[in-house]
Structures are given as structure tokens and as C-alpha cells.
Amino acid sequence: MKEILELMELNAKITEQEIAIMLDMEVEEVRKIIKEMEDSKIILRYITLVNWEKVGEEKVSAFIEVRTTPQRDVGFDSVAERIYRFPEVRSARLMSGTYDLAVFIEGRTMREVSNFVATKLATIEGVVSTTTHFVLKTYKQDGVIIEDDEEDRRLVISP
Amino acid sequence: MINKKDWSEMINPTVRDIPPSGIRRFFDMVTEIKGVISLGVGEPDFVTPWHIREGCIYSLEKGYTMYTSNQGLLELREAIARDLDVTYGVTYDARRELLITVGVSEALDLAMRALICPGDEVLIPEPSYVSYAPCTMMAGGVPVHIATTVEDSFRLTADRVEAAITPRTKILLLCYPNNPTGAVMTRRDLLAIAEVARKHNLIVISDEIYDKLTYAGEHTCMSSLPGMQDRTILLNGFSKAYAMTGWRVGYAAGNADFIAAMTKIHQYTMLCAPITAQMAALEALRNGREGMKRMVQQYNRRRHLVMQSFRDMGLPCFEPGGAFYAFPEISATGLSSDEFAERLLMEEKVALVPGSAFGPSGEGFVRCSYAASEDDLTEAFRRMDRFVKRYGVKVKTVVNL
């Protein structure tokens, strides 16, 4: 199962047939395991990593440190939920250290993102303070180097 | 005036008479053509893992730019000794029984030169890596080839070794997992060979550069067999397991007398292996195990992909248990190895190495390296499939009962 996930994490487009061959399994078996993993939400979704810059799409993203007041019984969960429900929020994580939540926001313009932070995020009950860091350049995301120019430099034939 | 012909007459006849490598001619042909997918490469498609490269950069920053002792950094030898002990249970004294060399290639040359007297015979299973026979000849020895066949899964059998032995036989050279066939030897196979070696007092030079790339069963180290450690010179390095081909660092392990003799040649001809490469090798041994295992796992997945593709194409291919080569039989196309490789290159722009480049028993086969990205493999096999169909290969229906 882990090996199937490893292959799919690298390439969501890999076919069941290919997985079966590479792992020396039956196609039916692979199909069954994938279905089970989808049903049990081990596999959440198949997504595509896009370099939007190349499409000419302007996007602004920001990383926001959020300090909160934890609440009785639920701790950080309920304030976190109120934050991550917003579609502008791409990711939200509880952190150790000097702040509580690390929130990634994506918008079309800087104004849109600042506006969201000021009017939506900072005003949520339980949010004590926010610190906004705008992203200037992404070098690597989800293990993929964005502008990877490492090419095959081997001799074409060698003994 | 001296013309060209006169100059060549001044070359040592042993060197002059060694035929050019069969791979060389093909290499020249491939480099002429654009857009070729090459499955003809005998080295990993991975770049050396970053922590190893970074370790080397750090060593340069710290000023490690000097000679090392002739035998190589003691720390590295100790790390190798530990690795051999943990992996195969063979114990070598890092001070007296290990020598760091400039790749296995140098270690092989040293072993040959240290042991061979003029006319001594060296048994070399074939098809085999292209350097073995020339290395033997340049050391004054006589290469004696032992053909291996697809019926034996290209394994060396004791009776074939026995049959090739003469009073002049001194060395048996082994290379398993094998380049170009991908064949591996089981412990039982090796025990039988070891018995022959002991009986006829042969020295075994065992080139185990592909040991970590073993997929079917576990690799057996020749020197771990009873009574074999002293008569075996074990050669290994970092090129294949840690994707470090260009660093040129390998080693030889053997009894103190052999290592001392090899060190004597090494100290006068090479002095020492480059310290930067030795530092990188040390980092590879210290922290490279996990990364190496991941690479091996990927090779194994591609190996399955390659096997299935040949089956789908209708080309018979025995299952390679190690290295990163498949050695399919192409005689069903009616072409020779050379013709197959040449036409595949011209017509479909896929480069393989003709099996005949590795010796006469390689005729009728081609070496296909799967040290290539999955995308390249898939595209290459699509083209190859089209190619073999054009030459009338039909897929035989296999009935599974």
C-alpha cells in the first residue's frame, strides 16, 4: 500500500496498469487498494502542481503568523476552523514556537490579501494578532524545484 | 621524414594490437544524431545525492586539498571495513587489507599487474564488461573467455570453469551482478565456483560494483564464503550504489600481501585517489544508506516495467536479478546485434548497446540500461515496439494454466 502511495504521490497520472507492473502486482489488486484508500480518505484528492507564472497569471500569496487565544475543551481547533473555512486560505497549520497558526493565503492582488487579513482574519474572535509576510518568489514547492535546469549530462553511450 | 605509419610502429605491440572497443564505434554514431533517447548508458541517471555533494564542498571549504596516504584516508578505509563487516560478515584490517583506488577500474588494473606473470591465464566469463580482457593483456596475461548462456541465465557454472582451466590458469575474474546481462549468482552457485578455485589454487578477482543493486534474493560476497577471503581480491566502489561515477573512487580488499603489492604500483603510478572524492565517499558511507535504498527501489520498479515491455513486444528476456541492465534476445527480428542497434538508432532514435560489444556470446542480444527516467523508458519502448513489429516479431500468446 505504501509503495502505491509513493508512486502516486510523485505522479498522480500513473495508471493502475503501470503501478501493477512496477510493483509486480495484479492490476485488479492495485485497483482495489486504491479504491479503498480513496474511500477511507487516505487519498484525499488528485491535484496538479501548476506554475501559474508561466501562464501569465498574477497571484499574490502571503504567509501569516497568527497568535490566538486557545479555548477551553477545543484548544485551537475552533479558531483554526473559522480560519480555514475561507477559500482564500490555502493551508493552515498549528505550530510550535512563538505563534500558533501558520496560514497561507492566496489572492489576486496585494490589496485583496491585505484586505482579507484586516477585515476577515484579524477580526475573528480568539485571534490576538497577525503578522503578514508576502511571498516574493517560490523556489521549491511540495518537493518540486520550480525552475529546475538540471539536465542529463551523461555520455549517451558508456560501457 | 617520418610518416604516420612509422609512428604507429613505435607503439608497444600489445597496446597496438588491442582492438578498439566495440562501444566506441557505436558511440561515435550516436553522437551524430539529434533527439536520441539513450538506454545505452552504463551509469545511474541519478545525480549524486545532495548531501554527498555538499559534504565534498564543505571539505573543500575546510581546505582538504592535499594528498592522502597512498592507501587512502584511514577514516574511509575504516568505514569501508565496517560496512563490509556489517553487510557480509567479512572482516578486513583497514590498515593492511584495504586500498582506496581511482575507481574499480584502477583497482582491477593494479590487481592484474600485481599478480600476472607473462603468459598467465585469466578466466573471464563472457559476455562481460569491456575492460577485463584488455586489462589482462596489458598486464602481460592471456584472457581465456568462458561463454555463459541464456539457458543458464548467464550464470557461470563450475563445470565450465573447470573445463577452461590449464596449468597456466592463475586468476578467475567474476563480476556479479553482471554488466551487461544483469545476471546474479546465488550463494549455491558461488560455493561450487569457490570449490573449483580452491582445488586449482586460483585467485579470484571479484568485481562487485553492482552488489547493492540486487533485486532477486541477497547478494553473496565472494570473500564471505568459507576459505575464500584470502584468495579473493574484492573490488568495489561508490559509482553505482551512490550514483558517484564521475568521482572515480573505489577500493580493493584482500590479503595483506596482495594489498601491499597493489599499493606499491598505486603509490608510484597514482600516488593516491583524489581527497575530495574520498571525503565524498566517506559522507556516502556515513549518511547515504537511506538514499541508496530509495534509488535501488526505483531501479527495481523500472526493472519490472522493462521486463513487461519486452514481453509485450515479443522479445524474450530472462529476468535480470541485479545491476540496471536487461539483456533481451533479438534474433527473432532476423537481425544481428549490431544491425539491430544500428537500425533502431537510425529508424527510431533509440540507443542500445549491441550485445556483441561484450563478447561473442552477446551476439543475438542487446544491452538495455534502465537507468533512465520512466518517461524516457516508456517512450523508448513505444518506439522499440513499433520497430520490432516492422521486423516481423509476433507476440506469442502465453497461456497461463
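The values are calculated or read from the model by the stated rules, or taken from the named source; none is laboratory data. The structure displayed is predicted, hence computed values, not measured ones. Every residue, glycine among them, receives a Cβ derived from its backbone with ideal geometry; neighbour counts consider all protein chains shown.
For B:Leu190, the conditions (1) in contact with a Ser or Thr (Cβ under 7 Å, 6 or more places away or on another chain); (2) surrounded by fewer than 21 Cβ atoms within 10 Å (Cβ to Cβ) all hold with the exception of (2). Please determine whether any residue of region A:41-50 is of a type in the set (A, V, I, L, M), loosely packed, with under 12 Cβ neighbours inside 10 Å, modelled with pLDDT of 95 or more and assigned to a loop (DSSP other than H, G, I, E, B). So far as region A:41-50 goes, yes, one or more of its residues are of a type in the set (A, V, I, L, M), loosely packed, with under 12 Cβ neighbours inside 10 Å, modelled with pLDDT of 95 or more and assigned to a loop (DSSP other than H, G, I, E, B).
Of all residues in region B:81-101, which are among the aromatic types (Phe, Trp, Tyr) and assigned to a helix (DSSP H, G or I)? Before you say what the answer is, go through the steps one by one.
Of the residues in region B:81-101, the ones among the aromatic types (Phe, Trp, Tyr) are B:88, B:92.
Of everything in region B:81-101, just one residue is among the aromatic types (Phe, Trp, Tyr) and assigned to a helix (DSSP H, G or I), namely B:Tyr88.
Considering region B:125-142, and only residues there that are more than 14 Å from every other protein chain (Cβ to nearest Cβ) and in contact with a Cys (Cβ under 9 Å, 6 or more places away or on another chain), the residue that is surrounded by the fewest Cβ atoms within 10 Å (Cβ to Cβ) turns out to be B:Gly140. Kindly check whether there is at least one residue in region B:302-311 that is more than 10 Å from chain A (Cβ to nearest Cβ), touching a residue at least 40 places away in the same chain (Cβ under 8 Å) and closer than 24 Å to B:Cys175 by Cα. No, the conditions are met nowhere in region B:302-311.
Within region A:19-34, being surrounded by 12 or more Cβ atoms within 10 Å (Cβ to Cβ), part of a helix (DSSP H, G or I) and either out of contact with any helix residue (DSSP H, G or I) (no Cβ under 7 Å at 6 or more places or on another chain) or touching a residue at least 40 places away in the same chain (Cβ under 8 Å) (or both) holds for A:Glu29, A:Lys32.
Within region A:102-142, track down each residue that is surrounded by fewer than 10 Cβ atoms within 10 Å (Cβ to Cβ) and in a helix (DSSP H, G or I). Step through it out loud before you land on a result.
The first filter runs over region A:102-142 and keeps only residues surrounded by fewer than 10 Cβ atoms within 10 Å (Cβ to Cβ), leaving A:119, A:123, A:136-137, A:139, A:142.
Of everything in region A:102-142, just one residue is surrounded by fewer than 10 Cβ atoms within 10 Å (Cβ to Cβ) and in a helix (DSSP H, G or I), namely A:Thr119.
Hey, among the residues in region B:338-357 that are away from every other protein chain (no Cβ under 14 Å) and within 17 Å of B:Ser38 (Cβ to Cβ), which one's farthest from the chain's Cα centre (by Cα)?
Among them, the one singled out is B:Glu347.
Restricted to region A:143-159, and to residues there that are at pLDDT 85 or above, within 24 Å of the chain's Cα centre (by Cα) and part of a loop (DSSP other than H, G, I, E, B), the residue that is farthest from B:Val36 (Cα to Cα) is A:Gly143. Across region A:35-68, the qualifying residues are those that are touching a residue at least 12 places away in the same chain (Cβ under 8 Å) and small (Gly, Ala, Ser), and the one among them that is nearest to the other protein chains (Cβ to nearest Cβ) is A:Ser61. Checking A:Met1 against (1) closer than 30 Å to B:Met307 by Cα; (2) at pLDDT 95 or above; (3) away from every other protein chain (no Cβ under 14 Å), which single condition isn't satisfied? Only one criterion in (1) closer than 30 Å to B:Met307 by Cα; (2) at pLDDT 95 or above; (3) away from every other protein chain (no Cβ under 14 Å) is unmet by A:Met1, namely (2).
Specify which of the listed residues (B:Ala371, B:Ala351) is more than 15 Å from B:Ser128 (Cα to Cα), modelled with pLDDT of 95 or more and in contact with a Pro (Cβ under 7 Å, 6 or more places away or on another chain). Before you say what the answer is, go through the steps one by one.
Values: B:Ala351 fails: in contact with a Pro (Cβ under 7 Å, 6 or more places away or on another chain).
That would be B:Ala371, the only listed residue that is more than 15 Å from B:Ser128 (Cα to Cα), modelled with pLDDT of 95 or more and in contact with a Pro (Cβ under 7 Å, 6 or more places away or on another chain).
Considering region B:158-202, the residues that are among the aliphatic types (A, V, I, L, M) and within 19 Å of the chain's Cα centre (by Cα) include one that is farthest from B:Glu218 (Cα to Cα), namely B:Ile171. Listed conditions (1) in contact with a strand residue (DSSP E or B) (Cβ under 6 Å, 6 or more places away or on another chain); (2) surrounded by fewer than 22 Cβ atoms within 10 Å (Cβ to Cβ); (3) part of a helix (DSSP H, G or I); (4) not basic (Lys, Arg) are all met by B:Val306, apart from (2). Of the residues contained in region B:310-320, none is found to be farther than 19 Å from B:Asp376 by Cα, in contact with a helix residue (DSSP H, G or I) (Cβ under 9 Å, 6 or more places away or on another chain), among the charged types (D, E, K, R) and in a strand (DSSP E or B). The one condition from (1) farther than 26 Å from B:Ile193 by Cα; (2) in contact with a helix residue (DSSP H, G or I) (Cβ under 9 Å, 6 or more places away or on another chain) that B:Glu290 does not meet is (2).
Please count how many residues of region B:29-49 are exposed (fewer than 10 other Cβ atoms within 10 Å of the Cβ) and within 27 Å of the chain's Cα centre (by Cα).
In the first step, residues of region B:29-49 are kept if they are exposed (fewer than 10 other Cβ atoms within 10 Å of the Cβ); the result is B:32, B:34-35.
Narrowing the set further to residues that are within 27 Å of the chain's Cα centre (by Cα) leaves B:32.
The total comes to 1.
Of the listed requirements (1) of a type in the set (Gly, Ala, Ser); (2) surrounded by 24 or more Cβ atoms within 10 Å (Cβ to Cβ); (3) within 30 Å of B:Ile330 (Cα to Cα), B:Ser239 misses just one: (2).
Might you check whether a residue that is at pLDDT below 95 and either more than 30 Å from B:Phe381 (Cβ to Cβ) or of a type in the set (Lys, Arg) (or both) occurs anywhere in region B:252-267? First the steps, then the outcome.
Applying the first criterion (at pLDDT below 95) to region B:252-267 yields none.
No, region B:252-267 contains no residue that is at pLDDT below 95 and either more than 30 Å from B:Phe381 (Cβ to Cβ) or of a type in the set (Lys, Arg) (or both).
Taken together, the criteria place B:Val90 among residues that are within 25 Å of the chain's Cα centre (by Cα) and either in contact (Cβ under 8 Å) with a residue 12 or more places away in the chain or more than 30 Å from B:Leu156 (Cα to Cα) (or both). Checking A:Val66 against (1) at pLDDT 95 or above; (2) within 18 Å of the chain's Cα centre (by Cα); (3) surrounded by 10 or more Cβ atoms within 10 Å (Cβ to Cβ), only one condition comes out false. Which one? Just one mismatch for A:Val66, condition (2). Restricting to region B:212-236, name every residue that is among the hydrophobic types (A, V, I, L, M, F, W, C) and either surrounded by 19 or more Cβ atoms within 10 Å (Cβ to Cβ) or over 19 Å from the mean Cα position of the chain (by Cα) (or both). Within region B:212-236, B:Leu213, B:Cys221, B:Met222, B:Leu225, B:Met228, B:Ile233, B:Leu234, B:Leu235 meet the criteria.
Out of B:Tyr64, B:Tyr58, B:Tyr92, one residue alone is hydroxyl-bearing (Ser, Thr, Tyr) and either outside the structural domain of B:Asp189 (by TED's automatic domain parsing) or closer than 30 Å to B:Leu190 by Cβ (or both). It is B:Tyr92. Within region B:7-24, the set of residues being within 19 Å of B:Pro180 (Cα to Cα) and either at pLDDT 90 or above or within 10 Å of chain A (Cβ to nearest Cβ) (or both) comprises B:Ser21, B:Gly22, B:Ile23, B:Arg24.
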